[in-house]
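Visitor: The structure follows.
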Amino acid sequence: SILKVSEIQDPTNGNTALEIDSSGRVLSPKLVRFHAYLNANKTTTSTGSNKWSASGVFGNNIDQIVYNVGSGYDSSTTTFTAPVAGMYHFIMHVSTQSNGAAQTYMGIDIRINDGRYASGWERADSSGYHKQNASFPIYCEVGDTVEPRIEIASNTTFEGGTLVGNRFYTYFAGYLVG
């Protein structure tokens, strides 16, 4: 038998959970995902592992939300809280300004429930622009928290704002894979 469906809704509120377009592509408009970026340049004078939140040396700066489907991202704490269990993919990208000092190292930490999950470092022997990317698949239970941190060896100015075409200098993003 053949079942022809173009939309699946939840039984209580009629919210669209899944769509199939005329070409047969499956669309998931309610798939949990978020993207937020650093709104302006930010200089830190603290070395080591630093929080991006109000309680950290950067203050509340990754607070410019591009999208936050599922409301898992909290811009006041720069923390994602998993609303559903599953495999997630998180991306962190940081850029430093051209006047930045040479770094012995610059790294990105991803913390789950405040414990270090993964890290990546770059050695930046010269001054100038630098960038660091990190991408992590992480299985989260409902309520698990994921928080990015930056680890640096000396004072650094991080690039904030946007480039042409909604590309961002420094951002944190993630989405539910399944």
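Visitor: How big is the dipole moment of region 1-95 about its Cα centre under a simple scheme where the beta carbon of each Lys and Arg is +1, that of each Asp and Glu is -1, and everything else is neutral? Debye, nearest 20, please.
Guide: Charge dipole of region 1-95: 220 debye, to the nearest 20.
Visitor: Further question: Show the residues, 5+ positions off or on another chain, whose built amide H is closer than 5 Å to the amide H of PHE168.
Guide: Under 5 Å from the amide H of PHE168 lie the amide H atoms of LEU163, each far enough along the sequence or on another chain.
Visitor: Another one. ARG111's amide H: which non-local residues (gap 5+, or another chain) put their own amide H closer than 5 Å, with H modeled 1.01 Å from N in plane and none for Pro or chain starts?
Guide: Sorted by chain and number, the residues that satisfy this are TYR117, GLU147, ARG149.
Visitor: While we're on this one: Just add up the charged neighbours of ASN13: K/R +1, D/E -1, any other residue whose Cβ is under 15 Å from the Cβ of ASN13.
Guide: Spelling it out: positives minus negatives among the neighbours equals -1.
Visitor: What number comes out for accessible area per residue over region 1-82 if the probe is 1.4 Å? Units Å², please.
Guide: 58
The values are calculated or read from the model by the stated rules, or taken from the named source; none is laboratory data. As the structure is a prediction and not an experimental result, all values here were calculated from the model. Reconstructed Cβ throughout: ideal geometry from the backbone, glycine too, with neighbour counts over all protein chains shown. Surface areas here come from the heavy atoms of the whole protein model, side chains and all, with no ligands, DNA or RNA. Shrake-Rupley method; radii C 1.70, N 1.55, O 1.52, S 1.80 Å.
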